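Read-outs throughout are calculated quantities, based only on the coordinates presented, and are distinct from any laboratory measurement. Not measured: the values here are computed from a predicted model. Note that we place each Cβ from the backbone using ideal geometry, even for glycine, and neighbour counts take in every protein chain shown.
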Amino acid sequence: MSGYLKLSIKNLLRHRTRSALTMLGIAASVGVLFSVLSFNRGFTEGLADELDRTGLHFMVVPSGCAHEVAALVLHGAVIPKFLDTSVMKHLQETDGVAFSTPILVAQLANPEKERIDLIYGVDMQVLSAIKPGWKIEGAIPTQPNEILLGHEVAEHEGIKTGDVFSETADGEPMIVTGIIELTGSQDDAFVYLPIETAQQLLQKPGAATAIGVKVNDPGRMSEITDALTAAVPGIQIVTMGQVMNSISNLAASARALSLAIVLIAILISAVGVMNSILMSVFERTQEIGMMRSVGASRKNIFRIILEETAILSIAGGLLGIVIATLGSKLIEAFVRSVMPFVPSGNLISFDPLLALGSVLFIMVIGIGSGLYPAAKASKINPVEAIKG
Amino acid sequence: MIELNNIEKTYRRGAEDVRALRGVDLMIDKEELVAITGPSGAGKTTLLHILGCLDQPTNGQVLIDSIDTSNLPEFELVKLRREKIGFVFQQFYLIPGLSVFDNIALPLLFSNKEASPEKIKRLAGMVGLEHRLDHVPSQLSGGEMQRTAIARGLVNDPEILLADEPTGNLDSKSSDRIFEILRSLKSAGLTIVMITHNPDLAARAERTIQIKDGAVHTEV
């Protein structure tokens, strides 16, 4: 260990509590910085994965807001507008469309049980294609009176596979054939049923909230969407890329806000570092005077103080990364509980480059905040210092 | 070895100018042990700081080994302090977290020299601290702390050792021991200038210079 490093470490250890508190301040801000950056990365990747997994290239919806469509695609938002599934006819006739599937999402009052069910009508044959991440306990419905429950619904109602959930429009019992394992997303709150059954329950035969479409050649997507828009009035086509952009734009606002808060936290911890080092310089004025007397130059003193700051910053930075990594599950659970849409999968994953970048960033900030105390220390007049 | 010619030192305290030294002329030979005495505020410490190139005179000339230090730039003064001068202070100023070994070796860090264990042990042995090398200052007595500080002052092999009341915080037994160490260092070839309020120690020096009101009052 170099003499300067040893001296700096010993100096920091003289006021263990103060050094530890300063380091914790740095650790907290680096931990949050690392978590926010990792979260952004995890969120974007998770979102892309989730959209990719739907196996759909674009959605046909009634003309409206792209954000609504994004919400629909990703967590089944209820949109109070319906498409006529006769649009399906056009889709099936459109050259280049591999398959299309209608989706009907709505709220359905159940006065008998005093609750409102969120229903998601879909062609059960394509369910595993558009929700490939699901693990289902039981089976996917094959009959009109069979349904699939989201984890939360089943848990809340205390329902098991084989139980009766409610009744169809004809008064037939609706049987639960399967329960989806916890996804941690809005999917847990829905009741999934064949689209025809959903249309009957809502008394909207042939209605759909959206139609998901897969094309044979994604390279021809704009040609296909242009042809469809021209052929069918009153529809809007939103590609998965646009959905991604919509969500990303929403997430970007949250990201900008959280980064601004992180930067303020970092600024506060930098002021903490400066204050701590400055106090230690003032306390050691005589000692610095002695060092100048026994041959230390201004540069030597500057170096000692700056190394102390660097040690505090690096140690705090590393501690912050460790805390953020160990606590990532807690942070993830918190984010899932407060955000309206969160893709499934790991939101915060350890990325060594990001960790290194965060530590380097705080090191630069820390050293920056040590410059003033170091300059102050190096300007201490040895004669005045020794006189006390 | 050391020559002071008509040294004046004036500094500002609040609104007034204080003349700390008024035309001091002094010659100190190589291998001399000189005691500087005088009442508080007489200018002894200011004189010692000028001798040690820590402070510059307002007027006059300071020659150390025939080098005029009065107008040397800061980096040359630092170099001179590292190479030729050792300091010992009344309050010792040891670094609390460092062992006796590391405290003695501290000046070598600034000279970019390796702290050879043999050298540090030899210096510790010279001041009777060879068994205390791993101890930290809080485990030492006042006399041991001052002996550590003397060893630290010697680690760069200086030609001059300047001591500002080195026995000021010590009992008479420890003071005697410190003085004996200084005397043996003088015999080994060092020039020693020591400020003291202790008349017994001053009487045992080869020469005693009394400073009063910023000027040399008597020389014995």
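Quick rundown of the values:
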| quantity | calculated |
| --- | --- |
| Under DSSP loop assignment and at most 16 Cβ neighbours within 10 Å, longest GluC sites (Glu not before Pro)-free interval of chain B | B:115-205 |
| FRET efficiency for A:GLU114 and A:PHE334, using Cβ-Cβ distance with R0 set to 30 Å, rounded to 0.05 | 0.45 |
| Folded to 0 to 90 degrees: helix A:3-14 orientation relative to chain A principal axis, Cα | 80 degrees |
| For region A:157-197 and region B:12-51, distance of Cα centres in Å | 97 Å |
| Low-density loop cleavage sites - GluC sites (Glu not before Pro) in region A:73-164, where at most 15 other Cβ are within 10 Å (DSSP) | A:GLU114 |
| Two-site label geometry, A:ALA98 and A:ASN216: point separation in nm, points 7 Å out along Cα→Cβ | 1.2 nm |
| For B:THR208, residues with placed amide H under 5 Å, excluding near neighbours | B:ALA35, B:VAL220 |
| Interchain or long-range residues, amide H under 5 Å from B:GLY23's placed H | B:ILE7, B:GLU8, B:LYS9 |
| Gap separating the Cα centres of region B:168-215 and region A:242-279, nearest whole Å | 62 Å |
| Simple Cβ-charge dipole of the protein assembly as shown, Lys/Arg +1 and Asp/Glu -1, about Cα centre, in debye nearest 20 | 2920 debye |
| Distant-in-sequence amide H partners of A:SER349 (H built 1.01 Å from N, under 5 Å) | A:GLY42 |
| Whole-Hz ³J(HN,Hα) from phi, Karplus 6.51 cos²θ - 1.76 cosθ + 1.60, for region A:210-218, glycine and proline x | 7, 10, x, 10, 10, 9, 6, 10, x |
| Simple Cβ-charge dipole of chain B, Lys/Arg +1 and Asp/Glu -1, about Cα centre, in debye nearest 20 | 340 debye |
| Trypsin sites (Lys or Arg not before Pro) lying in DSSP loop within region A:108-215, provided at most 12 other Cβ fall within 10 Å | A:LYS135, A:LYS160 |
| For residues of B:68-78, the mean tally of beta carbons on other chains within 10 Å | 1 |
| Region A:1-40 versus region A:346-381: alpha-carbon centroid distance in Å | 9 Å |
| Crossing angle, helix B:172-187 versus chain B [Cα axis fit, 0-90 degrees, rounded to tens] | 80 degrees |
| Within region B:62-101, chymotrypsin sites (Phe, Trp or Tyr not before Pro) in DSSP loop having at most 14 other beta-carbon neighbours inside 10 Å | none |
| Burial ranking of peptide ranges A:188-195, A:226-233 (average Cβ count within 10 Å, highest at the top) | A:188-195, A:226-233 |
| In order through region A:365-376: 3J(HN,Hα) via Karplus (6.51 cos²θ - 1.76 cosθ + 1.60), integer Hz, x for Gly, Pro | 4, x, 5, x, 6, x, 4, 5, x, 5, 5, 4 |
| For B:99-109, mean number of other protein chain Cβ atoms within 10 Å | 3 |
| Protection proxy ranking, peptides B:39-51, A:16-28, average beta carbon neighbours within 10 Å, highest first | B:39-51, A:16-28 |
